[in-house]
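See below for the structure under consideration.
Any read-out appearing in this document is the output of simple, stated calculations on the displayed coordinates, not a laboratory observation. Because the structure is predicted, anything quoted here is derived from the model rather than measured. For neighbour counting, all protein chains shown are included, and Cβ atoms are generated from backbone atoms with ideal geometry for every residue, glycine included.
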Amino acid sequence: MRFLTADKIHDGNNWLPYGTVIEVSDKGEIVSIKNVSQKDAEYFEGILAPGFVNVHCHLELSHMKDVIPEHTGLIPFLRTIPAHRNDFNAEQKKAARHAAYEELIRNGVVAVGDIANTSETIDLRARKQIHFQTFVEAIGFTEANALKCFDFALHTHNEYSKQQLDQPILKQSIVPHAPYSVSAKLFAYISTHIGSNVISIHNQESKEENEFYESRQGGVCELLAGLGINYNEFMPTGKSSLQSYGEWLLPACSLILVHNTFTSREDVLYAKNRFADTHWCLCPNANLYIENKLPDICLLYNENVNVCIGTDSLASNHQLSILAELVTIKKAYPEFSWEILLKWGTKNGAEALKMNETLGTIAIGKTPGILQIKNLGNSNLETIVKRIL
Ligand SMILES: [Zn+2]
């Protein structure tokens, strides 16, 4: 048994009263939380907080670090990924994704929502130090190929399911890649698949995505044409992408909307009204890398929606660190307190990935992992994160 205390303790939700002591079992389970000081408690400088949850990552793209230049915009970025994705051999890819996995651990991440187009990350899940919700992406904009595209994703999903068996820390679902890469029919296959109760989608990451749905014009047309995809059958809806594809998803699904860089207040109100359980995942450093623009985070905050945090991949980020994402938000929006930001990086992420029974908060019976964070908010000193159990 260990007794832990610190200058400040954040329980995933709020700051706890000064002097609080956390009692933790040898297995990392929170046994008690006492608001009285204890002489023999281990004292930690700085902050104690639950382990971070990275809601959106692509570990299988880790070998693409520094391959794509910054600030190209999403459409050129999307053209470059497939062009270079396979410039690397299996050993290089493996070394890069394992190094990225270790980086996540070093940065205090205890759970990841990991996007997969292949079954390459099975070896990372087998390491069992991080909880995984693997989101197997279905991609295909041609209606006639919808079943074929779904079956392809299902085959990959089944590879991950086989691995899960008796591993409660490993989960998987089939999800749509993005509004401009999934046909209405493929959306229907995904949303009715029994294993896809948690749906994650890249949402409104570029203005071209909304433009395509509103009027079938702009950069997405060029992207699809360049890939040889015939989009003649697609009828513009006159509405934003979210307000269009939202109709093809079941209202009962748990939805994680990733990026939201070009999401309006009307879109937020639509999602609140349409879906019972929506989570808004921000990846600010990737947004700055690709589009050099941040989402309207004040809008999300004022609408009182669930905000959580992801890093996206090393193809569009210099590091895989939830804290680095929070620091970027704090710089752009100093009005957000660390109490709120730490909640987004811990509790809200665990809720988005449906892992909040064990992770995300320092609460009796949970095993959230405990981090020590030093120098937070001190611009003169480097912020340090260390997992202490
Ligand atoms: Zn992504």
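The slack in the chain from T192 to E339, taken as 0.36 nm per residue of separation less the alpha-carbon distance, amounts to 49.1 nm. Working note: Karplus 6.51/-1.76/1.60 with θ = phi - 60° gives region 84-93 the couplings 10, 3, 9, 7, 10, 8, 4, 5, 5, 5 Hz, where Gly and Pro are set to x. Distance between the modelled labels on R274 and N145, one decimal in nanometres: 2.5 nm (7 Å Cα→Cβ projection).
Which pairs break 21 Å Cα to Cα here: K27/K366; K343/K386; K39/K366; K207/K239; K171/K354; K34/K366? Correct reply: K39/K366. When each of the peptides 346-357, 372-383 is scored by the mean number of other C-beta atoms lying within 10 Å of its residues, the order from highest to lowest reads 346-357, 372-383. Of the peptides 2-13, 121-132, the order by per-residue mean of other Cβ atoms within 10 Å, starting with the highest, comes out as 2-13, 121-132.
Counting only the Cα atoms, the chain fills a convex hull of 134 Å³ per residue. Less than 5 angstrom separates the built amide H of T134 from those of D114, K171, Q172, S173, all sequence-distant by 5 or more or on a different chain.
When the Cα convex hull of region 7-109 is projected onto planes of every orientation, the mean area is 10.0 nm². Sequence-ordered 3J(HN,Hα) estimates for region 35-42 from the Karplus curve with 6.51, -1.76 and 1.60 and θ = phi - 60° stand at 8, 10, 6, 9, 4, 8, 6, 6 Hz, glycine and proline given as x.
Simple rule: put +1 on each Lys or Arg Cβ and -1 on each Asp or Glu Cβ in region 52-359, find the dipole, and look at P236, H56, L353; the Cα lying farthest toward the positive end is L353.
Along the axis of the charge dipole computed for region 52-359 (Cβ charges of +1 for Lys and Arg, -1 for Asp and Glu, origin at the Cα centre), the listed residues P295, G108, F187 are led at the positive end by G108. In a simple Cβ point-charge model (Lys, Arg +1; Asp, Glu -1; nothing else charged), region 107-250 has a dipole of about 400 debye relative to its Cα centre. Full extension of the chain between D66 and K27 yields a length gain of 10.2 nm, computed as 0.36 nm times the residue separation minus the alpha carbon distance.
For region 267-389, the spread of Cα coordinates along the three principal axes comes to 41, 39, 30 Å, biggest extent given first. For S313, the residues whose modelled amide H falls within less than 5 Å of its own, excluding neighbours fewer than 5 places apart on the same chain, are H58. With each pseudo-label sitting 7 Å past Cα toward Cβ, what's the N302-A95 distance in nm, one decimal? So the two model labels end up 5.0 nm from each other.
Under a model in which nothing but the beta-carbon of Lys, Arg (+1) and Asp, Glu (-1) is charged, the chain shows a dipole of about 640 debye around its Cα centre.
Each residue of region 141-150 was assigned a 3J(HN,Hα) from its phi angle through the Karplus curve 6.51 cos²θ - 1.76 cosθ + 1.60 (θ = phi - 60°); the sequence is 9, 8, 3, 5, 9, 4, 5, 4, 5, 5 Hz, with glycine and proline shown as x.
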